[in-house]
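Take a look at the structure set out below.
Bear in mind these aren't lab numbers, they're just calculated from the coordinates by the rules spelled out. Please read these numbers as outputs of a predicted model, since none were measured by experiment. We place every Cβ from the backbone using ideal geometry, glycine too, and count neighbours over all the protein chains shown.
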Amino acid sequence: MVKKQKRVLSKSERERRKNKIVAFCVMAVAAVFFGFPFLYMLGSSVKSDLDLQLHPELIFPSSFGEWTFERYTGFFMYAGKIATLPIAFLNSLWSTAANVLLTVALDLLVAYAVIFVRFKFKKVFMKFLYLWMAIPGVIATAPMFAMYATIKNALGLHEGVGAYLYIYLWLIVPGSTGIFNVLLMRNMFASIPMEIVESARSDGASNMQIFRRIVLPLARSTILLIVLFTFNGSWNSLAWPLLVLSGESKTWETLTLALTGYTGSSNWGQVGYSMASSVFALIPTLIVFLFTQSKMIDGLSSTGVKK
Amino acid sequence: MASNSILEEYVEASEEAEIAEKKKAQKKSRRRESAFGMALIAPYILIFVVFSLVPPVLGIAFSFMSYNPYNTADIRFVGFQNYINIFNFDLPISKSFWSSFGTMFIYVAIGTPLAVIIPFFLAYFINMEPPGYKFFRALIYFPNVVSITIMGIIFGNMFAGDSSGLINSWLGTEIHWLSGEPWKDDILRWVVIFIATEWWCTGTNFIIFAAAFRDVPKSLYEACEMDGGGKWKKILHVTIPNIKSTVTVCLFNILIGYLGLYGQVIVLNDFTNANIMVSPTMFIQHYLSDFSYARITGYVCACALMFGIVVMFFSTIQRKAMGEHRTRSKRTEDCIAYFADRDRFTTEASNG
């Protein structure tokens, strides 16, 4: 009896080991598919122009002399002028940061109110948010742009700082009220035991103290999750900035938008620069991803369906 | 005796007054709390109303108007004219609007199954936890956070039309992947778009499926094994029923997301063919951003509403399907309970 069991166990173990080898092979193939484009991007950015022409089949430069880093060193100055890309980088950076801060602040306020404060119309408010999720965003884009353009025209904001701030207001603010994020935060707050909050309140703690001492530390991972998804969404958004910034100065563009200048053309003279620019634009994303990837993946696994 | 009752009455009265006062104070604090709560959600509501609630409402209003944001004197009510124009197929603009649905449906019909099947198998294999699986998981997910423009730059250069493209130089060919003729070479463009989309979009579903695989109770597999079920039986009878609900949710999310096809075609197209392979979202964006079409903003809003109705049709089906999945997951629980009972029964029997 015991012997038999041992044999079965070892068989299943052998099976498991075989499975692992098969899985590793599959994953290795997948890794080539998913990793290769990054290698190609990196390699093309350091290939000399001559090499890009003569050896398109190689990922990395053909010989030691063909390595070039001038595209990276010459980033900030291009043809005697400050390149637009670093400026676009700054535009993206501040608008993304503002979007993230606004989103998190609004979500925290709403979730705190909904869970810990009794007020009128609370049920109506939440019910409304749930129902509103069914309305597709596409029907809002066109009228939103019409609103944007009408107000811009009426105020005469065509150039200068005012126009810039007005455009960025429309880039930053509309995305900050995502309902999914509110529900995520609400659910997190709802999981905090009510007794803790009640006992703190009976000890005379103010709402601010409860929020800072109890709620905020507990909500940290949810906040991080919302920060990450908002960061990615804002940093990579293309459609709305393309609409709002069309016809505006190049120096006002966001980074993702600025890079569209390198797409859609088969001009190989640009390959090196476009790849170097892509690497440059990818750096913030990569840094954020490296430090938070396990959190991001866990968050995606537990919240399930985002996007 | 009498004084006693008076005293009692007095005490009662004072108690009542106290209670009333307390109630009053309570009411006051309630009101204050209520005001505080509303003050907390006020900023959200303000932004939500201006940027989320008003636009669709205005959109409906604009669709019955001839609206020009740059010339407010030109605005007038036109009734159903915009909708009549949309269904007037003699107008080239309406024709291109409806043909854009064709592009969208091709993309959805091919893209959605791919976006479910490939992550499904990758998640299945990652769940066996091969060596280095955390690295593989991160690598497969990473393209998801890369911006679509960078994706366009990389794949656009890889599939460049002349011999300088990587793929062409490998194959020794000069296939015009992206810069081919309209219509005739669309299939090549689609191939590139689907490869790029797979690279870009697999991550999310892959992670979600991997979590779903992981959450299938191990005892169910063991039970299946005990009943003599092989590898395929396990997949068919344990894995698939248990992750069906997750797959359904992801399927519809992908489908609805893919209806809004936009970026891929923008970044993976040659400028010379800017007008081919237009999706509804691209159509709407194109006519909005072009200054010379500002006078037909009302018409574009009507188009956006028509498109919105199509999207809502699918999201309604999704809601129905998700409502169904709730009962299904309950069935899963029943199933687990059943297996647990049976396991206990079999172990007891074997012990006996």
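Descriptive notes on the structure:
- Peptide-level mean, for B:197-206, of C-beta atoms on other protein chains within 10 Å: 3
- Shielding of A:95-106 by partner chains, average beta-carbon count, 10 Å: 1
- Each residue of region B:254-268 was assigned a 3J(HN,Hα) from its phi angle through the Karplus curve 6.51 cos²θ - 1.76 cosθ + 1.60 (θ = phi - 60°); the sequence is 5, 4, 5, x, 6, 4, x, 2, 8, x, 4, 6, 5, 7, 10 Hz, with glycine and proline shown as x.
- Under a 5 Å amide H cut-off, with hydrogens placed 1.01 Å from N, residue B:65 pairs with B:78 among residues at least 5 apart or on other chains.
- Whole-Hz couplings from phi, Karplus 6.51/-1.76/1.60, listed for region A:27-40; x for Gly and Pro: 5, 5, 4, 4, 4, 4, 4, 7, x, 4, x, 5, 4, 4
- Peptide ranges B:48-60, A:157-169 listed from the most packed, as the mean C-beta count within 10 angstrom indicates: B:48-60, A:157-169
- Multiplying each eigenvalue of the alpha-carbon gyration tensor of region A:19-68 by 5 and taking the square root yields semi-axes of 31, 9, 8 Å, largest first, rounded to whole angstroms.
- Estimated FRET transfer efficiency when R0 is 22 angstrom, pair residue A:133-residue B:54 (beta carbons, to 0.05): 0.80
- Averaging 1/r over each pair of different alpha-carbon atoms in region B:1-144 and inverting the result gives 24.3 Å, the Kirkwood hydrodynamic radius.
- Within 10 Å of the Cβ of each residue in A:39-52, the mean number of Cβ atoms contributed by other protein chains is 1.
- Cβ-derived FRET efficiency at R0 41 Å, residue A:224 paired with residue A:121, nearest 0.05: 0.85
- Treating each Cα of region B:99-156 as an identical point scatterer and summing with the Debye formula, the log10 of I(q)/I(0) at q = 0.12, 0.15, 0.19, 0.29 Å⁻¹ comes to -0.45, -0.66, -0.91, -1.07.
- Label-point gap, in nm, between residue B:317 and residue A:249 - each point 7 angstrom along Cα→Cβ: 4.9 nm
- Relative contact order [Cα under 8 Å, 6+ residues apart], chain B, whole percent: 24 percent
- For B:78, B:191, the sequence from fewest to most other C-beta atoms within 10 Å is B:191, B:78.
- Protection-proxy order for peptides B:192-202, B:162-172, each taking the mean of Cβ atoms within 10 Å per residue, highest first: B:192-202, B:162-172
- Database remark: amide H of residue A:60 closer than 5 angstrom to no amide H (H placed geometrically; neighbours at sequence offset of 5 or more, or on other chains; Pro and chain starts carry no H).
- Note on residue B:309 and residue A:158: their simple-model spin labels are 3.9 nm apart, each label 7 Å out from Cα toward Cβ.
- Convex hull (Cα only) mean projected area of region B:2-62, reported in nm² to one decimal: 6.1 nm²
- Descending Cα extents along the principal axes, the protein assembly as shown, whole Å: 117, 91, 54
- Diffusion coefficient, µm² s⁻¹, Stokes-Einstein with Kirkwood Rh over alpha-carbon pairs of chain A at 10 °C and 1.306 mPa s: 66 µm²/s
- Ascending count of other beta-carbon atoms within 10 Å, so fewest first, for B:220, A:90: A:90, B:220
- Alpha carbon centroid spacing (whole Å) that separates region B:303-323 from region B:10-32: 53 Å
- Chain B: proportion of alpha-carbon pairs further apart than 32 angstrom, %: 57 percent
- Fewest-first sequence of B:316, A:260 by Cβ atoms within 10 Å of each Cβ: B:316, A:260
- Packing-based ranking, highest mean first, of A:214-221, A:142-149, A:102-109 given that Cβ atoms within 10 Å are counted: A:142-149, A:102-109, A:214-221
- Kirkwood hydrodynamic radius of region A:152-307, from the reciprocal of the average inverse Cα-Cα distance over all distinct pairs: 19.2 Å.
- For residue B:226 and residue A:29, the FRET efficiency from 1/(1 + (r/R0)^6), where r spans their Cβ atoms and R0 equals 45 Å, is about 0.85.
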